[in-house]
Structures are given as C-alpha cells and as structure tokens.
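The values are calculated or read from the model by the stated rules, or taken from the named source; none is laboratory data. If you're wondering where the values come from, they're calculated on a predicted model, not measured in any experiment. We place every Cβ from the backbone using ideal geometry, glycine too, and count neighbours over all the protein chains shown. We work out accessible area using only protein heavy atoms, side chains counted, and drop any ligands, DNA or RNA first. Shrake-Rupley method; radii C 1.70, N 1.55, O 1.52, S 1.80 Å.
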Amino acid sequence: MAKKQFAVIGLGRFGVSVARKLMEARHDVLGIDIRDEKVEDVEQYFTHAAVADATEEKALTALGVRNFECVIVAIGNDIQSSILTTMLLKNLGVQKIIAKAVSKRHGQVLEKIGVDWIIYPEKDMGERVAKQLLSPNVLNYIELSKEHNIEEIKLPVKMVGKNLRELNLRAKYNINVIALVRDGDVIVSLSPEHSLQQDDFLIVIGNRKDLVKFSDL
Ligand code: ATP
C-alpha cells in the first residue's frame, strides 16, 4: 500500500490508538495536542508531533494540515474545540475528515459541517461487543446497508475438508464468498476446487438474515 499522510488531532486514548495502528502500517502520522505532556508521550513513536491549539487557524496552517490526505479529529469531551477544529479543517479544504463524537447532538453538528466519517467510540464498540456475543463465529463485519453486510465468519466445522463447489453456498445459503482468510493471509482468487481447512475464515457478502443462518451453523 502506498504511504499516506495522516494527521491526528487530540492525543487521548482514541487518537493515540488510531495513530499507532497507522504508524504500524508504515504511514506518516502527525500527532497534534494542546498539552505538552501528551505530545512528549508520543514524540518518539510518531513521524511528527506538535503542541498546538487546533482551534487556531494559524497553527493548523503552520503545520501544513491542509496537505494531509486525511485528518482525524480525536477531541471528544471539549465539544466546542472539536467543532471549531472541524470547521477550520473543512474551510482549509482538507480532503477527508474523520471525527469522534461523544453524543448524538455532537455527531449531528459534525454531520452538518460535512465530516466524512463520524465515530461514536463507546456506542460503536458496545454494538460490536453485543454482535460478538450474539454471533461468536463472526470475527469482523462491515454494514453495507440496512440489510446487507460483509462478514468474516469462522468456517463451520462440518464444512472442513470440503471445497466451494461442493458447498455451493450461493444456492444453499444465499451468500457469496469473496475471500478466504487462512493463517492471517487473505486469499482473494479462490477456485471452486479450493479445499477448506479448520480455522479458515470466509469473507462473505449477503443479506443479514442469511448471514446469521450461516454463522449459527
Ligand atoms: P480519550 O477518550 O480518547 O482518551 P480524553 O478523555 O483524554 O480522550 P478528550 O477530551 O476526548 O479527552 O481529548 C482528547 C485530546 O484532545 C486530549 O489529549 C486534549 O488535550 C486534546 N485537545 C483538546 N482540545 C484541543 C485543542 N483545541 N487542540 C489540540 N488538542 C486538543
């Protein structure tokens, strides 16, 4: 993957977690926080880190934030700062803005400003935990619409050793396999003769009800 430039504003637990993962994937990350100690904590791990008040246009301009492909606003509790910062970023013409919201109202304002992706960490995580408890065989999922998901589902034991042709999942369960995850590797070009093994995960697309039937096997 080509190296990308990200800026993370607000180095609390959320901001630092996002930034660390991006660094691990070898992207450039600029971390910004108004508090010296937060910046000192991450300085050695991030590509750049700066102490700045993100609600000041001059500070954002001096850091060249408008040139970043994606900026993550990880300020939460100080709603005023989160909103001001987001508005400035929008005015500066930042291509993609992701922001954390701490309440529904906060999220609604961010949406009005034109934030591309609003994250409600507690709500989103709570929903993920519930989903994991209800469907323990589903490792990961993406909601495509109200009805359709892409899910990473553990291969049901009774399907171990069989191939995709034999299983005929499209006809039997109304779901489509798009990839296979084996030992952490994603295999996308699957042949119908591909034999499935224990501990494989299938990445499948389908209607949520059909996916539940399959993951409950
Ligand atoms: P988390 O839940 O992610 O740990 P938190 O509870 O530490 O966050 P938040 O209020 O969400 O606190 O703020 C996250 C970070 O944003 C803090 O480290 C804070 O210093 C920083 N921050 C707040 N206002 C600004 C600002 N105007 N400019 C830059 N950073 C800011």
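For the range 57-72, the criterion of being without any contact (Cβ under 8 Å) to a residue 24 or more places away in the chain, in contact with a strand residue (DSSP E or B) (Cβ under 7 Å, 6 or more places away or on another chain) and under 25 Å from GLU143 (Cα atoms) is satisfied by no residue at all.
Can you confirm whether ILE83 is at pLDDT 95 or above, closer than 18 Å to ARG20 by Cα and more than 10 Å from the ligand (Cβ to nearest atom)? Before the answer, list the steps.
Details: at pLDDT 95 or above: yes; closer than 18 Å to ARG20 by Cα: no; more than 10 Å from the ligand (Cβ to nearest atom): yes.
Against the criterion (at pLDDT 95 or above, closer than 18 Å to ARG20 by Cα and more than 10 Å from the ligand (Cβ to nearest atom)), ILE83 does not qualify.
ILE205 fulfils the conditions (1) open to solvent by 50 Å² or more (accessible area, probe 1.4 Å); (2) touching an Asp or Glu at 6+ places or on another chain (Cβ under 9 Å); (3) modelled with pLDDT under 95 except for a single criterion, (3).
Which of the residues spanning the range 187-202 are under 22 Å from the mean Cα position of the chain (by Cα) and loosely packed, with under 12 Cβ neighbours inside 10 Å? Correct list: VAL188 only. Restrict the check to the range 163-175 and report whether at least one residue is open to solvent by less than 50 Å² (accessible area, probe 1.4 Å), outside the structural domain of ASP28 (by TED's automatic domain parsing) and within 21 Å of the chain's Cα centre (by Cα). Taking every residue of the range 163-175 in turn, none turns out to be open to solvent by less than 50 Å² (accessible area, probe 1.4 Å), outside the structural domain of ASP28 (by TED's automatic domain parsing) and within 21 Å of the chain's Cα centre (by Cα). Entry remark, the range 176-186: residues being touching a strand residue (DSSP E or B) at 6+ places or on another chain (Cβ under 7 Å) and open to solvent by less than 60 Å² (accessible area, probe 1.4 Å) number 5 in total. Put simply, of ILE142, ILE97 the only residue that is away from the ligand (no atom under 14 Å from the Cβ) and in the same structural domain as ILE205 (by TED's automatic domain parsing) is ILE142. Residues that are open to solvent by less than 40 Å² (accessible area, probe 1.4 Å) and closer than 18 Å to VAL65 by Cα were ranked within the range 1-15; the one that is farthest from the ligand (Cβ to nearest atom) is PHE6. Count of the range 22-64 residues, restricted to those that are open to solvent by less than 50 Å² (accessible area, probe 1.4 Å), more than 10 Å from the ligand (Cβ to nearest atom) and assigned to a loop (DSSP other than H, G, I, E, B), is 3.
Which fully enclosed strands (runs of 3 or more DSSP E) of the range 104-181 have 2 or more residues being touching a residue at least 60 places away in the same chain (Cβ under 8 Å)? Walk me through how you get there before you give the answer.
Numbers: elements: 117-119, 138-143, 148-154.
The strands (runs of 3 or more DSSP E) meeting that bar are 138-143, 148-154.
The set of residues from the range 1-51 being under 13 Å from ILE75 (Cα atoms), among the small types (Gly, Ala, Ser) and touching a helix residue (DSSP H, G or I) at 6+ places or on another chain (Cβ under 7 Å) comprises ALA7, GLY31.
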